[in-house]
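These notes concern the structure reproduced below.
The numbers here are math on the coordinates, done by the rules we state, and not lab data. Everything numeric in this text was worked out from a predicted model, so none of it was measured. All Cβ positions, glycine included, derive from the backbone under ideal geometry; neighbour counts span all protein chains shown.
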Amino acid sequence: MSFKNFKCVPKMIFGRGSFVQLDVVLGQERKEANDFVVFLVDDVHQGKPLADRVPTKAHDLLIYVNVDEEPTTEQVDGFTAQVKAFNTTLPVSVVGLGGGSTMDLAKAVSLMLTNPGSSSEYQGWDLIKNPAVHHIGIPTVSGTGAEASRTAVLCGPVRKLGLNSDYTVFDQIIMDSELIAGVPTDQWFYTGMDCFIHCVESLQGTYLNEFAKAFAEKSMDLCRQVFLDDHAEKDDKLMMASYMGGMSIAYSQVGACHAVSYGLGYVLGYHHGIGNCLAFNVLEEFYPEGVTEFRKMMKIHNITLPKNICKDLPDETIAKMVAVTKSMGPLWDNVYGKGWEEKVTDEMLTKLFRRI
Ligand SMILES: NC(=O)c1ccc[n+]([C@@H]2O[C@H](COP(=O)([O-])OP(=O)(O)OC[C@H]3O[C@@H](n4cnc5c(N)ncnc54)[C@H](O)[C@@H]3O)[C@@H](O)[C@H]2O)c1
Ligand SMILES: [Fe+2]
């Protein structure tokens with residue numbers, strides 16, 4: 001038996017208003033007069049007060065990224081080429097300021113600046129050869145745990161799969177809860193539920209261990225304070241929940257909801273957060289308490305999910321989703337343990353999808 005040797009983020013700043021420290025953090029990386037930094041900033045912040053607070057210097061490159069669609073390998077290759085065209089030397093840091101999508105783009109670009117070819121060649125596990133450029137993640141919407149994870153999830157020519165490696169992990173994260181205050185309620189809820197669902201799947205999974213449990217239990221507790229109690233410190237709590245949920249699944253595994261959500265996302269294009277909510281809402285047999293609590297949270301925050309999305313879809317479309325969902329072996333292993341192959345039938349999954 002071998003245990004996971006998990007690489008985690010070595011430096012982190014947590015605190016309301018801590019974004020201001022980014023300038024000092026970058027100052028430690030800027031050593032020569034020509035050293036430059038690349039900022040990838042979610043374009044939702046363009047023209048907003050936060051954009052003026054990004055500590056750019058004369059030589060730096062700031063790119064606004066659009067995340068209406070989830071990140072693609074093509075987008076990553078494009079940004080990497082843009083950085084290389086901007087300067088013949090490497091930047092001293094790549095900063096991602098935004099949600100899971102923007103942070104994943106920053107991770108991927110920092111990797112691709114030092115690894116040849118297209119990012120699609122590295123979708124998988126431990127395919128990255130060379131260490132990345134120093135990279136920093138700063139969430140502006142919380143829940144995915146992307147700030148803590150060793151993957152950068154990308155939609156590639158063949159499949160949606162992450163660049164999973166120790167080099168993917170951020171060198172630094174800054175968790176400033178002020179930055180998530182303005183997220184619209186629906187998005188706040190969907191991304192926040194990604195975290196809640198990580199905890200449910202981790203805690204009820206066969207991969208559970210005390211390490212993962214310690215993080216998931218605390219993260220779940222924080223999620224309840226955020227989504228059920230509407231706690232006054234809810235932004236700080238959600239930010240911490242997201243990190244801890246990420247730490248929990250890093251040392252366990254996600255489950256049925258993520259498997260179904262991947263199928264839904266891959267075929268119908270639903271984003272991760274809302275896809276998870278749509279999937280979770282039909283998984284009461286798998287996660288009875290979690291789903292009851294989730295519905296209570298939806299009610300409190302007046303969230304209405306789209307209905308009957310799959311009811312009348314052609315059989316072939318459902319079959320495609322079923323195939324993607326079924327292929328998530330480790331996730332099903334986490335749900336059922338040994339012998340999961342017999343339990344994850346086309347019939348069972350088709351029934352689930354038809355209810356979404
Ligand atoms: N790397 C990982 O470990 C990991 C884990 C889970 C999910 N993911 C990936 O993360 C992505 C989803 O990330 P997400 O749910 O954080 O959302 P996101 O980054 O896709 O952003 C969702 C929306 O919120 C907007 N937004 C971001 N910050 C905002 C702010 N402060 N105010 C107003 N709007 C704001 C964005 O512009 C976008 O429209 C998916 O691509 C998924 O595959 C990665
Ligand atoms: Fe997730």
Practice task
Compute the relative contact order of the chain as a whole-number percentage, counting only Cα pairs closer than 8 Å that sit 6 or more residues apart in sequence.
Solution key: 15 percent
Fill in the blank from the handout: The set of residues whose placed amide H lies less than 5 Å from the amide H of G162, leaving out same-chain residues fewer than 5 positions away, is G124, L154
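In what order do T102, T168 fall by count of nearby beta-carbon atoms within 10 Å, going from fewest to most?
Placing the least packed residue first, the sequence is T168, T102.
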Exercise for the section: Read phi for every residue in the range 299-311 and hand back ³J(HN,Hα) as whole Hz from Karplus 6.51 cos²θ - 1.76 cosθ + 1.60, θ = phi - 60°, with x for Gly and Pro. Expected result: 5, 4, 9, 6, 8, 10, 7, x, 10, 6, 5, 9, 3
Fill in the blank from the handout: Highest mean packing first, using Cβ neighbours within 10 angstrom, the peptides 2-8, 344-350 sort as 344-350, 2-8
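Determine the alpha carbon to alpha carbon distance for each of K11/K213; K57/K84; K11/K107; K107/K129 and list only those over 20 Å. Display every interim value, and only then the final one.
Details: K11/K213 23 Å; K57/K84 18 Å; K11/K107 15 Å; K107/K129 15 Å.
Too far apart for the 20 Å limit: K11/K213.
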Exercise for the section: Treat the count of other C-beta atoms within 10 Å as a stand-in for reagent exposure and order C155, C223 from fewest to most. Expected result: C155, C223
Problem - Inter-part distance where the range 80-115 and the range 249-312 are each reduced to a Cα centre, Å - result: 31 Å
Handout entry: Set of lysines near K338 by C-alpha distance (under 19 Å), chain-local residues within fewer than 8 positions excluded
Key = K326
Exercise for the section: Would you mind ranking H134, H231 so that the residue whose beta carbon has the fewest other beta carbons within 10 Å leads the list? Expected result: H231, H134
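Give me the percent of DSSP beta bridges within the chain that run antiparallel, rounded to the nearest 5. Let's see the in-between values first.
On the way: 3 of 27 bridges.
Rounded to the nearest five, the antiparallel share is 10 percent.
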Practice task
Beta carbons within 10 angstrom, averaged per residue: use that to sort the peptides 106-115, 77-86, highest first.
Solution key: 106-115, 77-86
Handout entry: the range 1-74: GluC sites (Glu not before Pro) in DSSP loop, at most 11 other beta carbons within 10 Å
Key = E32, E69
Completion exercise
Spelling it out for M12: with amide H atoms placed in the peptide plane at 1.01 Å from N, the residues 5 or more places away or on another chain with amide H under 5 Å from its amide H are I173
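Rounded, prolate or oblate: which one fits the range 1-139, using the alpha carbon gyration tensor with axes a ≥ b ≥ c (rounded when a/c is under 1.5, else prolate when a/b beats b/c, else oblate)?
Note, shape of the range 1-139 comes out rounded.
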Exercise for the section: Among the lysines, select those whose C-alpha is under 22 Å from the C-alpha of K307, and discard any that sit fewer than 8 residues away in the same chain. Expected result: K296, K299, K320, K351
Fill in the blank from the handout: Whole-Hz Karplus couplings 3J(HN,Hα) for the range 149-157, θ = phi - 60° and coefficients 6.51, -1.76, 1.60, Gly and Pro as x, run 8, 9, 9, 10, 6, 10, 8, x, x
Problem - Other-chain or far-sequence residues with amide H under 5 Å of H135's (modelled H) - result: V94, D171, Q172
Handout entry: the range 11-180, relative contact order in percent, only Cα pairs under 8 angstrom and at least six apart counted
Key = 27 percent
Practice task
Grab the DSSP H runs of the chain that are 4 residues or longer, score each as -39,500 (n - 2.57), total them, divide by all residues and round the 222 nm result to the nearest 500 deg cm²/dmol.
Solution key: -14000 deg cm²/dmol
Problem - Hz values of 3J(HN,Hα) by residue in the range 166-180 - Karplus curve (6.51, -1.76, 1.60), Gly and Pro given as x - result: 5, 6, 6, 4, 4, 7, 8, 10, 10, 10, 10, 5, 4, 6, 9
